[in-house]
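Colleague: Sending over a structure as structure tokens; questions will come in a sec.
Only the coordinates and a few stated rules stand behind these numbers; no lab work does. Treat the numbers as computed from the prediction; the structure is a model and nothing was measured. When we count neighbours, we look across all protein chains shown, and the Cβ atoms used for this are built from the backbone with ideal geometry, even at glycine.
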Amino acid sequence: MRIVRDRRQVTALCREWRRRDARKLALVPTMGNLHEGHLALVRHARERGDRVLVSIFVNPLQFDRAEDLAGYPRTLEADTKRLAEAGVDALFCPEAGEMYPEGATSRAQVRVPGLSEVLEGESRPGHFDGVATVVAKLFNLAQPDVAVFGEKDYQQLLVIRAMVEALNFPVVVDAIPTVREEDGLALSSRNGRLSRAARRRAPELHRCLRDTAEACLLEPDQWPRIFNELITNAEQRLRAAGLQPDYVSIRRAEDLGLPQAGDRDLVLLGAAWLDGVRLIDNLRLQYGRFAGAR
Ligand code: PAF
């Protein structure tokens with residue numbers, strides 16, 4: 001596996017692959033501290049591309065709290081080993097100064113208005129501008145044919161898809177279902193920061209979303225009238241379990257708009273604080289089908 005830290009070199013490498021043999025290049029952007037969820041993205045990328053590039057970059061632009069950026073787990077050595085074993089062709093792992101040579105912020109930023117300002121965006125102002133900007137930079141540097149993201153960060157996925165469509169990036173965005181621990185907790189690099197006691201309580205977010213989703217799906221003809229009460233109950237249940245809900249919300253899956261009568265493809269999203277760690281999760285609510293894994 002090639003390891004590249006320089007942005008010009010990553011562009012040159014991808015061009016060289018294309019010239020030699022790669023008809024399709026697949027990119028998996030990450031912030032490192034890799035877990036099974038990331039490896040599922042890599043496996044998918046290997047199926048989709050002749051060459052696979054993974055990036056590891058803890059992007060300062062998308063952190064709204066300095067302590068979150070400082071405490072974000074950095075495990076480059078172990079990550080490199082896992083990626084090499086997973087058959088990745090190259091790892092791009094630049095320093096912050098390489099991605100943002102102009103300083104702590106980018107001179108130009110990408111913003112996806114509307115979608116970036118609700119839910120996660122309301123709690124973490126500027127977060128999705130940072131995500132969209134770094135992903136646009138990675139797309140320009142590598143020019144991938146396919147880029148792979150996880151459905152766990154559902155809002156991020158929609159923001160990236162909207163950016164790709166609006167700015168005509170010639171890349172297909174693939175999404176992979178959330179990978180979970182046996183007890184339902186969605187895999188996340190932040191889970192490692194939970195104390196033992198908090199780790200035991202953390203799956204309650206998923207359980208609560210799952211039960212709320214099931215309650216919704218019992219009465220599809222009552223959508224969206226029944227949602228408010230179910231959401232209030234879910235937030236109470238999270239508080240009773242020792243989590244501090246930030247939001248539980250049911251939105252249109254397509255654009256995170258508020259559901260109207262007749263909308264049938266929805267997503268239930270939740271975010272909660274536990275032990276100083278922010279957990280997020282979501283389940284798709286599709287009429288006639290429960291898309292949430294137990
Ligand atoms: O999901 C992530 O790990 C990050 O938000 C991403 C997409 C790599 C951008 O920094």
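Colleague: Calculate, for L69 and D6, the FRET efficiency according to 1/(1 + (r/R0)^6) with r their C-beta to C-beta distance and R0 25 Å; round to the nearest 0.05.
Modeller: Between L69 and D6 the formula returns 0.65.
Colleague: Give the distance, in whole Å, between the Cα centre of the stretch 90-129 and the Cα centre of the stretch 221-255.
Modeller: Computed from Cα coordinates, the inter-centre distance equals 29 Å.
Colleague: In bins 5 Å wide, starting from 0, what share of all Cα pairs of the chain does each bin hold, as a percent?
Modeller: 1, 5, 12, 15, 18, 17, 13, 9, 6, 3, 1, 0
Colleague: Related question: Report, to the nearest 10°, how far helix 76-85 tilts away from the longest principal axis of the Cα atoms in the chain, using its own Cα long axis and a range of 0 to 90°.
Modeller: It works out to around 80 degrees.
Colleague: So for the chain, taking the charge dipole from beta-carbon charges (+1 Lys/Arg, -1 Asp/Glu), which of V28, L258, Q286 sits furthest toward the positive end?
Modeller: It is V28.
Colleague: State the answer as a single residue: which of A197, A272, P73 lies farthest towards the positive end of the charge dipole of the chain, with beta carbon charges of +1 for Lys and Arg and -1 for Asp and Glu, about the Cα centre.
Modeller: Farthest towards the positive end: P73.
Colleague: Hey, which lysines would be in cross-link range of K24, C-alpha to C-alpha under 22 Å, not counting anything within fewer than 8 residues on its own chain?
Modeller: Leaving aside lysines fewer than 8 places away in the same chain, those within reach of K24 are K137.
Colleague: If you don't mind, there's one more thing I want to ask. Mind pulling the angle between the C-alpha long axis of helix 36-48 and the longest principal axis of the chain? Nearest 10 degrees, somewhere in 0 to 90.
Modeller: 60
Colleague: Which residue, L258, L238, L274, tops the fluctuation ranking in a GNM of the chain built on C-alpha contacts under 10 Å?
Modeller: Of L258, L238, L274, the Gaussian network model singles out L258 as fluctuating most.
Colleague: Separate question: Which whole number in µm²/s is D for the stretch 1-122 by Stokes-Einstein, with the Kirkwood Rh taken over Cα pairs at 25 °C and 0.890 mPa s?
Modeller: Answer, rounded: 155 µm²/s.
Colleague: In addition: Tell me, what does the Kirkwood hydrodynamic radius of the stretch 72-212 come to in angstroms if you use every pair of distinct C-alpha atoms?
Modeller: On the way: mean 1/r = 0.0573 Å⁻¹.
One decimal place: 17.4 Å for the Kirkwood radius.
Colleague: How big is the convex hull of the Cα atoms of the stretch 209-294, per residue, in Å³?
Modeller: In the stretch 209-294, the Cα convex hull volume per residue is 91 Å³.
Colleague: Report the antiparallel proportion of the DSSP beta bridges in the chain as a percent, rounded to a multiple of 5.
Modeller: On the way: 21 of 40 bridges.
Percentage antiparallel, nearest 5: 50.
Colleague: How high is the relative contact order of the chain? Use alpha-carbon pairs under 8 Å, at least six apart in sequence, and give a whole percent. If you can, show how the numbers build up before the last one.
Modeller: Details: 508 pairs, mean separation 48.0, N = 294.
Value for the chain: 16 percent.
Colleague: Related question: Quick check: the angle from helix 127-142's long axis to the longest principal axis of the chain, C-alpha only, nearest 10 degrees?
Modeller: Once rounded, the angle reads 30 degrees.
Colleague: Taking the Cα centre as origin and putting +1 on Lys and Arg beta-carbons and -1 on Asp and Glu beta-carbons, what dipole magnitude results for the chain, to the nearest 20 debye? The partial results should precede the final answer.
Modeller: Values: 43 positive and 42 negative charges, 161 e Å.
Using only the charged Cβ atoms, the result is roughly 780 debye.
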